[in-house]
Amino acid sequence: MWKQGKRKSKNGKNGAASPASYLDLGADNLAKLRAMHEAQETLPRTESDLEDPPGYRSYALNNYRELPQVARLSDEAQFAIEVVSRVLPFKTNSYVVDELIDWDDVPNDPIFVLNFPQRDMLLPHHFEEMAALVRRGADKIEIDAAANRIRLELNPHPAGQMDHNVPTLGETRLTGMQHKYQETVLFFPSNGQTCHAYCTFCFRWPQFVGMDELKFAMRETELLVDYVRAHPEVSDVLFTGGDPMIMRTRNLARYIVPLLQACLPNLRTIRIGTKALGYWPYRFLTDEDADELLDLFRRVTAAGIHLAFMAHFNHPRELSTDAVKQAIARIRETGAEIRTQSPLMRNINDSPEAWSEMWREQVRLGCVPYYMFIARDTGAQHYFSVPLARAWEIFRDAYNSVSGIARTVRGPSMSADPGKVEVLGVTSIGGKKVFALRMLQGRNPDWAMRPFFAEYDPKAVWLSDLKPAFGEKRFFFEEELEKRYREDDDRRRVKPLVPVI
Ligand code: SF4
C-alpha cells in the first residue's frame, strides 16, 4: 500500500486535505437494448453519482470564489470567468490550485491559463453578447439559449467526429464509439465523461456543457466486445472521454474485464487516454480504490494485453510534484507503459524549452514522449493557436536539444478530417517556399506516410488554411474524402440507424 507523504503547495502551505450477440440484430434489437439498459441500472448515471475522493475538491463557476487565491484576481478577470464559463467548461481542483499554479505569476501562469477561463477565449462579439446577459442578470434559460447558440458556432465536432467516425453494428449506431483509423477504436464510457479538472483548450469541450445531442457516451460494453470481434483489423481499444480515470475502479472494471474475458485474438492493446496524472495523481496513490485500480492494470498486463497510458501533460510543472512522480512509478510497476502527448498551446507551452524540459523529464521518469499536436479547429482555437510555421520551429528546436531516447515523439500533428497530418517542415523547392507535410494516419489506410506539399503561408494555423503547392488544384486525398463523406451521408439518409446511448 502506497503511503502518502506530506503535501506541500506551490505557495508553501499544506495542500488541500487534500453477451448477447448483436451481429444478427433484427426486429428484437430494441428489446435487447432495453433489457441491457435495465440490467445496468445499478451503474452510476451522472457525474453527481461519483463521490469525490478524499482530499479532492473541485471548483467551478458556483464556488470558485471560495478560493482565497481568487482575491488576487482583478474584477475584470473575475468577470471574464463569469462570462466565458457560461459557454465553455470550467472546472479546477484543490491539487491544481494549491500545488501546480504559481499564484505569484497569475494571470500569466500557464497552469492558471490551462484551467481558468480568460476573456479572449471567446471571440469579442460572443463575449459581448454573453457579458450583456450576465450584467443584466438574465435568467438561466436565456443564458443557456445564448450559450448553446454560441457553442454551435464553435465547430463542436471537428474532423467529422459526429458524422463520419461513429461506427455501426447491424442496425445500431454506436454513438459512444469512434472508428476512424483501421486498427484503433475509441470507446467513451458513459461513466467517464468528466475530468478531474477541465482544460480551457479542450477539443472535447462539448462533452461537458450539458448539450446531450453533442455528446459521445455509451454504456454497453457487450457491444464494444462484439464490435471488436467483428472487426479483426482492430488491435487497439482506446478508452477516452472525458477522463476514464475519473471512474471508480469497479466501474472501469465493468468495461475492461469483459474485453479480457472475451479473449479476442485481435485485441493487443488497451489504451487509456487520461490527464489524471496531471490533475489528480492521488488517483493512483491515496484514493480509496487506488490499489484495486493498480490490480486491474496488472490483470490486463497479465492477460498478455499491452496496457498503454496515453497521458496528457501540457507543461513541465505537471511533472514536478512528488505525487505525480510516485503515481508514474506505481503505474509502471504494473507493467503498463506511459506515453505522453499534448497540444502546442499559445499562452501555455509555446516555447521549445517547455517541450524539451517535458520530454527530458518524462524520459527520466520512464515515460515515452509520443505526440505534439496542433491546437484543433474548435472552441477557443483562436486563443491558443500557433502558426504552423512557428509550431514546426518550436518542435525542431525542442527535438534538437534532447537526446535520441526522447526522439520517439511525433509532430507537430493535426488531427484533421482526412487523418493525422504532420508538419515535416518549411523548405524551398525550385525556388518556391513550401510546407512539407506527411499523413501519419489516414481515413484510408493507404494514405499513411504519404508526403505532400502546401504553399507556404506564415499565418496558417490548420490544414484548412493551406493550399496545395505547385499549382495543384487539390490535395491528393480530397476527392476520395469527399466521396467517402457523400457515401456516409447517403447511407444515413436511406437508413437511419438506432442510436445506443
Ligand atoms: S483532461 Fe482531456 S478531456 Fe478533460 S478537459 Fe482536459 S483535454 Fe479535455
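The values are calculated or read from the model by the stated rules, or taken from the named source; none is laboratory data. Everything quoted here is computed from the prediction, not taken from an experiment. Backbone-built Cβ (ideal geometry, glycine too); neighbour counts: all protein chains shown.
Test residue 297 against the criterion of being assigned by TED's automatic domain parsing to the domain that holds residue 280, farther than 27 Å from residue 102 by Cβ and aromatic (Phe, Trp, Tyr), and give yes or no. Spell out how you get there, then give the answer.
On the way: assigned by TED's automatic domain parsing to the domain that holds residue 280: yes; farther than 27 Å from residue 102 by Cβ: yes; aromatic (Phe, Trp, Tyr): yes.
Taking the combined requirement at face value, the residue satisfies it.
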ask   = Would a scan of region 258-277 turn up a residue that is more than 16 Å from the ligand (Cβ to nearest atom), in the same structural domain as residue 187 (by TED's automatic domain parsing) and closer than 26 Å to residue 98 by Cα?
value = no
request  = Report the residue count in region 368-400 for those that are at pLDDT 95 or above, assigned to a loop (DSSP other than H, G, I, E, B) and among the hydrophobic types (A, V, I, L, M, F, W, C).
outcome  = 1
Yes/no for residue 300 being farther than 22 Å from residue 203 by Cα, within 16 Å of the ligand (Cβ to nearest atom) and surrounded by 19 or more Cβ atoms within 10 Å (Cβ to Cβ) = no
request  = Kindly indicate which of 387, 352 is closer than 30 Å to residue 85 by Cα and not hydrophobic (A, V, I, L, M, F, W, C).
outcome  = 387
task = Evaluate region 423-441: report whether one residue or more is within 24 Å of the chain's Cα centre (by Cα), crowded, with 21+ Cβ neighbours inside 10 Å and farther than 23 Å from residue 340 by Cβ.
result = yes
ask   = What residue, among those in region 114-129 that are assigned to a helix (DSSP H, G or I) and more than 28 Å from residue 100 (Cβ to Cβ), is nearest to the chain's Cα centre (by Cα)?
value = 126
ask   = In this structure, is residue 305 surrounded by 23 or more Cβ atoms within 10 Å (Cβ to Cβ) and away from the ligand (no atom under 16 Å from the Cβ)?
value = no
remark   = With criteria (1) more than 16 Å from the ligand (Cβ to nearest atom); (2) at pLDDT 90 or above; (3) polar (S, T, N, Q), residue 240 comes up short on (1)
message = Quick check on residue 242: is it farther than 15 Å from residue 336 by Cβ and not in a helix (DSSP H, G or I)?
response = yes
